[in-house]
1. Do you know which residues across the stretch B:94-108 are within 11 Å of residue B:271 (Cβ to Cβ) and of a type in the set (Gly, Ala, Ser)?
2. Can you confirm whether the stretch A:231-241 contains a residue that is within 14 Å of chain B (Cβ to nearest Cβ), touching a helix residue (DSSP H, G or I) at 6+ places or on another chain (Cβ under 6 Å), farther than 22 Å from residue A:29 by Cβ and assigned to a helix (DSSP H, G or I)?
3. Is the stretch B:345-353 home to any residue that is away from chain A (no Cβ under 14 Å) and crowded, with 22+ Cβ neighbours inside 10 Å?
4. Can we say residue B:53 is within 16 Å of the chain's Cα centre (by Cα) and modelled with pLDDT under 95?
5. Mind listing whichever residues of the stretch A:79-95 are away from chain B (no Cβ under 14 Å) and closer than 16 Å to residue A:351 by Cα?
6. Would you tally the residues in the stretch B:48-69 being under 30 Å from residue B:25 (Cβ atoms) and not in a loop (DSSP other than H, G, I, E, B)?
7. Can you tell me which residue in the stretch B:217-241 is farthest from residue B:270 (Cα to Cα), limited to those that are among the hydrophobic types (A, V, I, L, M, F, W, C) and out of contact with any helix residue (DSSP H, G or I) (no Cβ under 8 Å at 6 or more places or on another chain)?
8. Considering only residues of the stretch A:488-504 that are within 21 Å of the chain's Cα centre (by Cα) and part of a loop (DSSP other than H, G, I, E, B), which is farthest from residue A:274 (Cα to Cα)?
Amino acid sequence: MAANHYDAIVIGAGHNGLIAGAYLARAGKKVVILERREMVGGAAVTEEIFPGYRFTEFSYVVSLLRPEIIRELELPRHGLKILPLPSTVTPMDNGDYLAAWADHDQTRREIYRHSPRDAEAYDEYNLVMARAAKAIKPVLGLVPPDPSSMSPRDLLGLLKLGQYAKSLSEKELYRIAKLVTQSSADLLNEWFEFGPLKGTKSASGIIGTFLGPHSPGTAYVLLHHYMGEIDGAFRAWGFAKDGNGGVTTAIASSARALGAEIRTGAAVSQVIVKGGRAAGVALENGDELRAKVVLSAADPKRSFLQFVESKHFPDDFVQQIRNFRVRGSSGKVNIALSELPEFTCLPGESPLHRGAISISPSIDYIERAYDEAKYGQFSKNPYIDMFIPSMIDRDMAPPGHHVMSCFVQYAPYDIEGGWDDQKRDAFGEAVISTIERYAPNIRRAIVGKQVITPKDIERIAGITGGNIFHGELLLHQLFFLRPAPQWADFRTPLPGYYFGASGAHPGGGVMGAAGKLSAQEVLADWK
Amino acid sequence: MLETLELKRTPFHERTSRLSIAQNWRRWAGHIVAGSYELEIDREYWAIRDGAALIDVSPLMKYLIEGEDAARLLHKVTTRDIFKMAIGQVYYTGWCDDDGKLLDDGTVSRLAENRFRMTSAEPSLRWLSMNAVGMDVKITEVTEQMAALSLQGPKSRTVLNRCCAEPLDTLKYFRLMETSIGNVPVSISRTGYTGDLGYEIWMEAEHALPVWDALMGAGNDYGITPCGILAMDMARVEAGLFMIDVDYTRSNHAWIAGQQSTPFELGLDWAVSLDKKGYFVGRRALEREKRDGSSWKLMGLEIDWVGLERLFADVGLPPHIPAMAVRASLPVMYEGQQVGYASTSTWSPLLKKYIALVHLQRPYYAPGTSLTMEVTVEHHRRHAPGKVVKLPFYEPSWKRK
């Protein structure tokens, strides 16, 4: 085969693109993975922004990376190490705190301190959520069947789904129906009374969405975050050594070992269409690459509205993609520190410095943060999910120094008047002063700071709208509706063109399922 | 209380007892040591594999062997060629009875031409003395007088370089040097029981606490973590290292011949120098076994996760396995017939695999053989599929570098 002729071209070397490429190469295909940037990783990258301080820039923990991918691509052999992230602490306004530990008794005793009733409810709640997640989980590993199709394949898929639903008890089905429609606030109010506990729990229901904890549908997102619990025995939850760049570096190493070629600095301008089929890609530098199959691991907007001329797609499909909601709602502040932040509620260095630190004092606090975003402002008092990677992996910062990762919500993509340097600075300042209320030494400790808005996510990682999931996890954008009705099986209306990233089923997070499933579908169609 | 009724505390107890949240004490040769410091052992495990783990190994039996015939004695007792040993070198070795059955295993360090230190898991004074009849050699037990710490993990060298009088950069794998930490004279060997980069630090018991403090201070910015023996137990299985009384029975404590093992059966071929000069205990039996082949072998078994998942899915459960090493004998089968047993099994957080040290009968020990291992699924005995692999399961490139 001549140079620049491949069996398959994968667009984008984020985790999904790398995984798709690795699986195709594993099946013996000649594969090239094209990356616009000079480094692989997409939104799962680690960069040394200040000398000696390494930031896991966008995404920041591993929670849902599929165990079968870790196994099949032999990621541990390629350097993947998932270090424990053992606790969560929520500083409170009265100088106290609420902590959750990996150990059950410690957590129960801690919640008991605040609410004996909640301490009791906590156990049952966790079991109920884990069971609901377990009930839904098999669906994540399925290629979604199209309910309107009469093809044998879809019918078989529906049959499987139906059989599966039948295996659930009536009670479980009702619970799931409720969970996918309810708001996380309603769900949590049914169980708990203690504000900081509800606030912290509700926060995982809004991550990556443009919704508040009172918005219907957020309970599902909360559930989505419980999926990791089921694979508990596999222990794939935590902080990756070297940050999330460590994850993609391991996947890239595995892909290369399997024979895939990875080209960086290779931005795609257009998918070449010949005889009604995808036949290759044209790069921005003018090079053309040919292949039997092109798989895009970019976001849905770029995959369908930018790389391919609309004339190759049915109008209603184009319309569906145009309407696909990809509004980014979160930002990230990465801070280099000369000393540990000292929280008023936790004097000195504490074991809780090794886990997540959540600024989520109540559901109302987060809902108010959302109110501002609804009307085009960033939250002045945002929800912040922080942790200190250098406490877990000492290679992230110089000895004695630290880096802190702050995921911040809300920071709307469509901010009133548009994002500029001034607004970015103001956003960063709002985050620092929020942290300062709980950790007064923070300002003094700052050596450097990187503020990332959704606009920056779009610019740097190339995700349209800057949404960390390439598209919100909303009920009408999930399963057989993701990214568009009838096209949830990783195929597209353009033959030979496939789609396998976070904007496809089953959605975002550093999970990799879309990358793997899309490669499987490519191989299933191979003639 | 009668003093002899209490289990012994190590010279580090004043520190380790304060750090122990779990209060999870384990017995080791009449002493108590921390099983784990925290309630979850993950962090201690990862300190071994990604940072620096500080482990109190003081209960190891220690002997000084001195005199004109010191080398002769050790050459006769152990399976290694002690005459080839350089000063400052450390050997790992087993020692056998006359039938070539393993009595114990440990290390021998050559401190000077006629001066050795030997460590063992079990008391060895009687055995050494019996073999030293007619030799010019003095054997002194120094177990109580000497404290020992093991500092294991990729950052162990960096931490030691920050507190030792001399840098350790040139200290090779299984070599030893004399230096000092603070003002305390210590001897440091590049040895350990984890299969990672690591060192063992030997000192007079009275100086134990200042050395502990110096190491903890120097390691603070590098994430030094006090680590109990439970995390070490997981690491040593990954490293393919067996343990006396768990993975083999010392021959002089076996009730029946079937309980005894030979160094070859345990994979110690590399540590049996059949080409060495002269007699050593067990030589003829070992030569015979070398010629005829071993009927058993210690191998690794990797459990197939998909197969394991299926067994649990059958009863509607996600897979569940213990979070630490399990020292229980589990039958290993080939097509429904038992062909061996696992003596230690563990989840490997690093490899993301469920692994076991298994003793297999010929010919089932060939790498790649498909076998099953017993697992308990919701109170029922099931058999999870797995594959025989060579040991070790894990060997990082920096172990010997």
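1. Hit for the stretch B:94-108 is B:94, nothing else.
2. Yes, that holds for at least one residue.
3. Let us first name the residues in the stretch B:345-353 that are away from chain A (no Cβ under 14 Å), namely none.
No: zero hits.
4. It is false that residue B:53 is within 16 Å of the chain's Cα centre (by Cα) and modelled with pLDDT under 95.
5. A:88, A:89, A:90, A:91
6. Residues meeting the conditions: 12.
7. B:229
8. A:502
The values are calculated or read from the model by the stated rules, or taken from the named source; none is laboratory data. The structure presented is a predicted model; accordingly, all values stated were derived computationally and were not measured. No Cβ is skipped: glycine too gets one built from the backbone with ideal geometry, and neighbour counts run over all protein chains shown.
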